[in-house]
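*Asks:* Structure incoming, see below.
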Amino acid sequence: QQHGSKPTSKEDLGRATWTFLHTLAAQFPEHPTRQQQRDARQLIDSLTRIYPCADCSKHFQELVRRDPPVVSSGRDFAVWMCRTHNAVNRRIGKPSFNCDLVAARWAPLDCDEHNSCDMTLGHKR
Ligand code: FAD
């Protein structure tokens, strides 16, 4: 392949996207502003249309319709994300994840490098 990197698979894309979504949910404020709640809902809504795997986005759209994002608190959003990921796991025959462990799995950030902890949620508007 060119540039010495291999093509992105559906699995690579899935892992990267779940890392993004669970990290975001784990950093979501306990008391989100209206704007933050709107942003979270819109992000999920956009993914149901433009996630670059047609089969995945179609199924995700059905899931989100049945169980819309719960964005009232960081905890609620993280648990919703976990539940929704489990619905995808179920569909493709992967084991279910215990949502009591979602904060332990996704809240820790690697902050060893100088300045890398601005991975927490950005400025308020
Ligand atoms: P992943 O499922 O990618 O999970 C990554 C890590 O997250 C795991 O190693 C585990 O530590 C953790 N984890 C697992 N479950 C949970 C959970 N419930 N809550 C919190 N953390 C968890 N693939 C298809 O083949 N068909 C589809 O229809 C499909 N739809 C998708 C829809 C979306 C929105 C996304 C983001 C991905 C979708 N995928 C789909 C990809 C699929 O979900 C996996 O990402 C891919 O198969 C790679 O799986 P994996 O075993 O590496 O772990």
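The values are calculated or read from the model by the stated rules, or taken from the named source; none is laboratory data. These figures come from a predicted structure and were not determined experimentally. With ideal geometry, Cβ positions are generated from the backbone for all residues, glycine too; neighbour counts draw on all protein chains shown.
*Asks:* What number of residues within the range 74-125 are charged (D, E, K, R) and more than 10 Å from the ligand (Cβ to nearest atom)?
*Replies:* At the first step, the residues of the range 74-125 found to be charged (D, E, K, R) are 75-76, 83, 90-91, 94, 100, 105, 110, 112-113, 118, 124-125.
Adding the requirement that they be more than 10 Å from the ligand (Cβ to nearest atom) leaves 75-76, 100, 110, 112-113, 118, 124-125.
Result for the range 74-125: 9.
*Asks:* Quick check on Arg125: is it out of contact with any strand residue (DSSP E or B) (no Cβ under 9 Å at 6 or more places or on another chain), at pLDDT 95 or above and of a type in the set (Lys, Arg)? Explain how you work it out, then say what you get.
*Replies:* On the way: out of contact with any strand residue (DSSP E or B) (no Cβ under 9 Å at 6 or more places or on another chain): yes; at pLDDT 95 or above: no; of a type in the set (Lys, Arg): yes.
Against the criterion (out of contact with any strand residue (DSSP E or B) (no Cβ under 9 Å at 6 or more places or on another chain), at pLDDT 95 or above and of a type in the set (Lys, Arg)), Arg125 does not qualify.
*Asks:* Give all pairs with beta carbons closer than 8 Å in which a residue from the range 69-81 that is among the aromatic types (Phe, Trp, Tyr) meets a residue that is part of a helix (DSSP H, G or I); count only pairs at least 6 apart in sequence or on separate chains.
*Replies:* Correct list of pairs: Phe77/Ala25; Phe77/Ala40; Trp80/Ala25.
*Asks:* Moving on to the next point. All but one of (1) within 13 Å of the chain's Cα centre (by Cα); (2) surrounded by 14 or more Cβ atoms within 10 Å (Cβ to Cβ) hold for Ser46, so report the exception by its number.
*Replies:* Checking Ser46 against (1) within 13 Å of the chain's Cα centre (by Cα); (2) surrounded by 14 or more Cβ atoms within 10 Å (Cβ to Cβ), the one that fails is (2).
*Asks:* Report yes if some residue within the range 76-94 is surrounded by 14 or more Cβ atoms within 10 Å (Cβ to Cβ) and not in a helix (DSSP H, G or I); otherwise report no.
*Replies:* no
*Asks:* So, one more: Looking only at the range 49-73, count how many residues are near the ligand (Cβ under 6 Å from one of its atoms) and outside any helix (DSSP H, G or I). Spell out how you get there, then give the answer.
*Replies:* As a first pass, look at the range 49-73 and keep what is near the ligand (Cβ under 6 Å from one of its atoms): 51, 55-56, 59-60.
Keeping just the survivors that are outside any helix (DSSP H, G or I) gives 51.
So the count comes out to 1.
*Asks:* Of all the residues that make up the range 103-121, how many are outside any loop (DSSP other than H, G, I, E, B) and surrounded by fewer than 11 Cβ atoms within 10 Å (Cβ to Cβ)?
*Replies:* Narrowing the range 103-121 to residues outside any loop (DSSP other than H, G, I, E, B): 103-106, 116-119.
In the following step, the residues that additionally are surrounded by fewer than 11 Cβ atoms within 10 Å (Cβ to Cβ) were identified as 104, 116, 118.
The total comes to 3.
*Asks:* Out of all the residues in the range 28-35, is one or more within 26 Å of Lys10 (Cα to Cα), away from the ligand (no atom under 12 Å from the Cβ) and outside any loop (DSSP other than H, G, I, E, B)?
*Replies:* As a first pass, look at the range 28-35 and keep what is within 26 Å of Lys10 (Cα to Cα): none.
No: the range 28-35 contains no residue that is within 26 Å of Lys10 (Cα to Cα), away from the ligand (no atom under 12 Å from the Cβ) and outside any loop (DSSP other than H, G, I, E, B).
*Asks:* If you don't mind, another one. Quick one: is Arg38 near the ligand (Cβ under 8 Å from one of its atoms), part of a helix (DSSP H, G or I) and not hydrophobic (A, V, I, L, M, F, W, C)?
*Replies:* Working: near the ligand (Cβ under 8 Å from one of its atoms): no; part of a helix (DSSP H, G or I): yes; not hydrophobic (A, V, I, L, M, F, W, C): yes.
For Arg38, the condition - near the ligand (Cβ under 8 Å from one of its atoms), part of a helix (DSSP H, G or I) and not hydrophobic (A, V, I, L, M, F, W, C) - is not met.
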